[in-house]
Amino acid sequence: MKTYIALLRGINVSGQKKIKMVDLKTMFENLGFTSVTTYIQSGNIVFKSDKEDIDFLGHRIKERILETFGYDVPVLVLTPKTLKSIHQKNPFSKRIMSGEIEEKKMYFTLLGSAPETINPETCIATSSDGEEFVITKNVVYFFAANGYGKTKLNNNFFEKKLKCSATTRNLKTLIKLLEISKSNS
């Protein structure tokens, strides 16, 4: 059995697509997954499966959410190794460690597929003072000095500009998911 992390996009946000974590956990267990652990209400699930195809797992979870709860929810499944690599490659890490930028304002927009095009200039025009980002093939590293709630460079923006599905998590959530996946191994 391998450990995986499923990230659901857009559940329990502003009263939309409400799913109780206990019900989500039961749904995962009914799919045959084990060691299912949820983290906060925004759709973060660590689980084990004997399947090794993450695209298959994501598709199956997406189908079952639609069947069980009636919501069409994008699902991104990652291995702990992939998430750890994303965390380690954060180009803002040194500045966070030095205190130059605030840890709580660091975000990761995880991409469901490699962007069709990467043109940072189209995003720079929309950014505000204090916002910085680095776009890679699987994540947008994003520092929002004024907070994520005030930025125009949100998840929907990056999906539209990069022409791929995405889901965003803050640094605290990313670290917690890595801790949970490590204890699940």
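Data for the structure
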read-out	value
From Lys172, Lys161, residue being at pLDDT 90 or above and in a helix (DSSP H, G or I)	Lys172
Number of the condition not met by Ser85 [criteria: (1) at pLDDT 95 or above; (2) under 20 Å from Lys172 (Cα atoms); (3) buried (at least 18 other Cβ atoms within 10 Å of the Cβ)]	(3)
Candidates Glu103, Glu121, Glu131, filtered to the one that is more than 24 Å from His59 (Cβ to Cβ), of a type in the set (D, E, K, R), buried (at least 19 other Cβ atoms within 10 Å of the Cβ) and modelled with pLDDT under 95	Glu131
In region 14-42, residue modelled with the highest pLDDT [restricted to those that are assigned to a loop (DSSP other than H, G, I, E, B) and surrounded by fewer than 14 Cβ atoms within 10 Å (Cβ to Cβ)]	Gly32
Matching residues, region 94-111, being under 18 Å from the mean Cα position of the chain (by Cα) and not in a strand (DSSP E or B)	Glu103, Lys104, Lys105
Matching option when the condition is under 20 Å from Leu178 (Cβ atoms) and not assigned by TED's automatic domain parsing to the domain that holds Leu7, among Ser93, Ser98	Ser93
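The values are calculated or read from the model by the stated rules, or taken from the named source; none is laboratory data. Quick caveat: nothing in here was measured; it's all calculated off a predicted structure. Positions of Cβ are generated from backbone atoms using ideal geometry, with glycine treated the same way; all protein chains shown enter the neighbour counts.
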